[in-house]
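Comments concern the structure below.
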Amino acid sequence: MIAFKQRLAEGRTLLGLWQALANNYTADISARAGFDWLLFDGEHSPNTPQTLLGQLQAVCAHLVEPIARVPSGDPVWIKQYLDIGFTTLLVPMVDTAEQAAAVVAACRYPPAGIRGVASATARATGFGLDRSYLGEVAERITVIVQIESREALANVAAIAAIDGIDALFIGPADLAASLGHLGNPGHEDVQEAIAIAKAVIDAANKPAGIFALSPDDARNRIAEGFRFISIGTDIGVLLTGARNLVSSVRQ
């Protein structure tokens, strides 16, 4: 499979589903549904590197990009997620260019970065059988950072300018909270901030992504030129389907 950053460069909007159930079976089901990518959440879901490994193995036979959201930009988390085989990472709460540069360094081997080398024991290298991995890792890995605070908005141009940041993803929920509109990502102030951030990211010639609030919002974001969009969550699909089933039968 080609690197996710190359797929983003092709121009077609890529649609994804957030994976929060931390379960191999639901990951396998979601991978068969036609999404372009699945986001496996290590920040707000009950995941560990071991549970994420199982989900990654469950979807690897399907034509879907597995993206992992690390709990934070801590190099230890980044190293573990890359070693188990994720090639696309989403890093939350990146507020400054310095933080963005540190994230890139955590994804690169020395001398370009600080990632520890475990080539013989890491799944990413085929447990040492993939001799090309160490030399090609910079081309294979896609690094995405989240813009989700007032500070990040002020620094989005500098963040986008960092070499090795391949894409930027806007998180409306946390952005709303940071702007004083907790629980109301549809507020006009939040929507204006999203539009400004999107224009800055476009000017940097980097792909912009976003978490859509509804199908209508997703369609609007496609029209606005967002390159990758989360259009729901596995929990939301299950909950909505279950409630609709009950209401369709209950008198």
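Odds and ends about this structure:
Yes/no per residue for (1) farther than 23 Å from LEU15 by Cα; (2) surrounded by fewer than 20 Cβ atoms within 10 Å (Cβ to Cβ):
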position: ILE165; (1), (2): no, no
position: LEU168; (1), (2): no, no
position: PRO185; (1), (2): no, no
position: ASP189; (1), (2): yes, yes
position: LYS198; (1), (2): no, no
position: ASP202; (1), (2): no, yes
position: ALA208; (1), (2): no, no
position: ASN220; (1), (2): no, yes
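Per-residue answers, yes or no, for (1) in contact (Cβ under 8 Å) with a residue 60 or more places away in the chain; (2) crowded, with 24+ Cβ neighbours inside 10 Å; (3) over 26 Å from VAL156 (Cβ atoms):
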site: ALA22; (1), (2), (3): no, no, yes
site: ILE29; (1), (2), (3): no, no, yes
site: TRP37; (1), (2), (3): yes, no, no
site: PRO49; (1), (2), (3): no, no, yes
site: ALA68; (1), (2), (3): no, yes, no
site: LYS79; (1), (2), (3): no, no, yes
site: THR87; (1), (2), (3): yes, no, no
site: VAL94; (1), (2), (3): yes, yes, no
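- Among the residues of the stretch 15-26, those that are out of contact with any Leu (no Cβ under 7 Å at 6 or more places or on another chain) and of a type outside the set (Phe, Trp, Tyr) comprise LEU15, ALA20, LEU21, ALA22, ASN23, ASN24, THR26.
- Residues that are in contact (Cβ under 8 Å) with a residue 60 or more places away in the chain and more than 16 Å from SER72 (Cα to Cα), drawn from the stretch 143-174: ASN155, ALA158, ILE159, ALA161, ILE162, GLY164, ASP166, ALA167
- Checked across the stretch 233-249, the condition of being farther than 24 Å from ALA105 by Cα, modelled with pLDDT of 95 or more and buried (at least 21 other Cβ atoms within 10 Å of the Cβ) holds for at least one residue.
The values are calculated or read from the model by the stated rules, or taken from the named source; none is laboratory data. Values in this document were obtained by computation on a predicted structure and should not be read as measured data. Backbone-built Cβ (ideal geometry, glycine too); neighbour counts: all protein chains shown.
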